[in-house]
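Participant: Take a look at this one; I'll ask things after.
Each reported figure results from applying straightforward, stated rules to the coordinates on display, with no laboratory input. Note that this is a predicted model, so its numbers are computed, not measured. Counting neighbours? That spans all protein chains shown, and the Cβs are built from the backbone with ideal geometry, glycine included.
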Amino acid sequence: MSAADDLVIAVDGPAGSGKSTVCRGVAVKLGMRYLDTGAMYRAMTVSVLAAGVDVSDEAAVMAVAEQTVITSGTDPSDPGIWLGAIDVSESIRGSEVTAAVSAVSAVPGVRYRLVEIQRLQVQAARDAGVGIVVEGRDIGTVVLPDADLKVFLVADPVIRAERRALENSAEGHLEQAFIAATHEALRKRDAYDSGREISPLVKAADARVVDTTNLTLPEVIEQVCALAVGARQ
Ligand code: DC
C-alpha cells in the first residue's frame, strides 16, 4: 500500500482501548494522515473551562464553542492541536479536562461544529490522494458511515485501566489504589459516552472488532494493517 491511497479508516472504542497509539502506528506504517477527534473535544473543553463556564450549562458551553477556533494537525508522528494560535497538546491531557470532556462532548451544537471540521479534514486528505485514519467514538456510525474500513477496538476494562494508569504515572511504577481509581474513572467516562443521547459510543454494524487485551501493540497494528489491505482489495 502506498501513500497515494485514499483509504479512509474509522476507529472507535472506549477510553484506554489503545486507539491513539494503534491509529498513529497504522498511519505511519501505511503513509496515511491521522485525525484524533477526542483531542478536538478535549481542546473545546479547555476553551470552555478557560471561559469559566459551567459544563452542565449547554447554552453557555455552546456560546463558547461558537467563538472557539480549533486546528488539529494530521501528521501521525506529531499531530498537534491548537486553540487559535495556542498549542494545547499538553493541556488537553490534564485531569480537569478529562473529568469535564464527556459533558462538553454531549452538547449537540459542539458535536455539529466539530463533526463538520472532521469531515472537511477527511475530504482534504482525499483531495490530496492520501489516506486517513480517524479515531473517536462515533466515527464509523455518524462521522464517516461510508468509511472503507471500520474498526472497533476493545480490551478488558482492568487491562485498559492498567495501561491508562501506566501512561499517567510519572514514576512508571503503579500502586494498586491508583489502578483502581483509574478503573473507576474510565468506567464512569465510558458509561457517560455510551449512554448519551447524541452519537453514543457504539459499534457500527459493519465494524471489525479487534480485542487488544492479549495482544502487543505491534500485533494490533499488524492486524489493523492487514484489515486495511483487505479493505483495499
Ligand atoms: O479519545 P479521548 O479519551 O481523548 O476522548 C475524550 C472524550 O471526547 C471522550 O470521553 C468522549 C469524547 N469524544 C466523543 O464524544 N466523540 C469522539 N468522536 C471522540 C471523543
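Participant: Of everything in region 55-70, what is outside any helix (DSSP H, G or I) and either within 15 Å of the chain's Cα centre (by Cα) or in contact (Cβ under 8 Å) with a residue 40 or more places away in the chain (or both)? Give them in sequence order.
Facilitator: If the condition is that a residue be outside any helix (DSSP H, G or I) and either within 15 Å of the chain's Cα centre (by Cα) or in contact (Cβ under 8 Å) with a residue 40 or more places away in the chain (or both), then Val55, Ser56, Ile70 are the ones that fit.
Participant: Oh, and also: Considering each of Ser56, Ser91 in turn, give the residue that is in contact with a helix residue (DSSP H, G or I) (Cβ under 8 Å, 6 or more places away or on another chain), surrounded by 15 or more Cβ atoms within 10 Å (Cβ to Cβ) and more than 28 Å from Ala147 (Cβ to Cβ).
Facilitator: It is Ser91.
Participant: Let me ask something else. Are there any pairs, at least 6 apart or on different chains, whose C-beta atoms fall under 8 Å, with the first in region 91-111 and touching a residue at least 12 places away in the same chain (Cβ under 8 Å) and the second more than 10 Å from the ligand (Cβ to nearest atom) and not in a helix (DSSP H, G or I), and if so, which?
Facilitator: Pairs that qualify, where the first residue is touching a residue at least 12 places away in the same chain (Cβ under 8 Å) and the partner is more than 10 Å from the ligand (Cβ to nearest atom) and not in a helix (DSSP H, G or I), are Ile92/Ile81; Ala100/Val55; Ala103/Val55; Ala103/Ser56; Val104/Val55; Ala106/Glu197.
Participant: Can you confirm whether region 37-54 contains a residue that is within 15 Å of the ligand (Cβ to nearest atom), outside any helix (DSSP H, G or I) and not basic (Lys, Arg)? Quick ask: steps written out before the conclusion?
Facilitator: So in region 37-54, the residues within 15 Å of the ligand (Cβ to nearest atom) come out as 37-49.
With the extra rule that they be outside any helix (DSSP H, G or I), the set shrinks to none.
No, every residue in region 37-54 fails to be within 15 Å of the ligand (Cβ to nearest atom), outside any helix (DSSP H, G or I) and not basic (Lys, Arg).
Participant: If you don't mind, another one. Could you tell me whether Ala15 is more than 18 Å from Val115 (Cβ to Cβ) and crowded, with 20+ Cβ neighbours inside 10 Å?
Facilitator: The answer is yes for Ala15.
Participant: Scan region 131-151 and give yes if some residue there is away from the ligand (no atom under 14 Å from the Cβ) and surrounded by fewer than 20 Cβ atoms within 10 Å (Cβ to Cβ), otherwise no.
Facilitator: The answer is yes; a qualifying residue exists.
Participant: Is it true that Asp57 is farther than 27 Å from Lys203 by Cβ and acidic (Asp, Glu)?
Facilitator: Against the criterion (farther than 27 Å from Lys203 by Cβ and acidic (Asp, Glu)), Asp57 qualifies.
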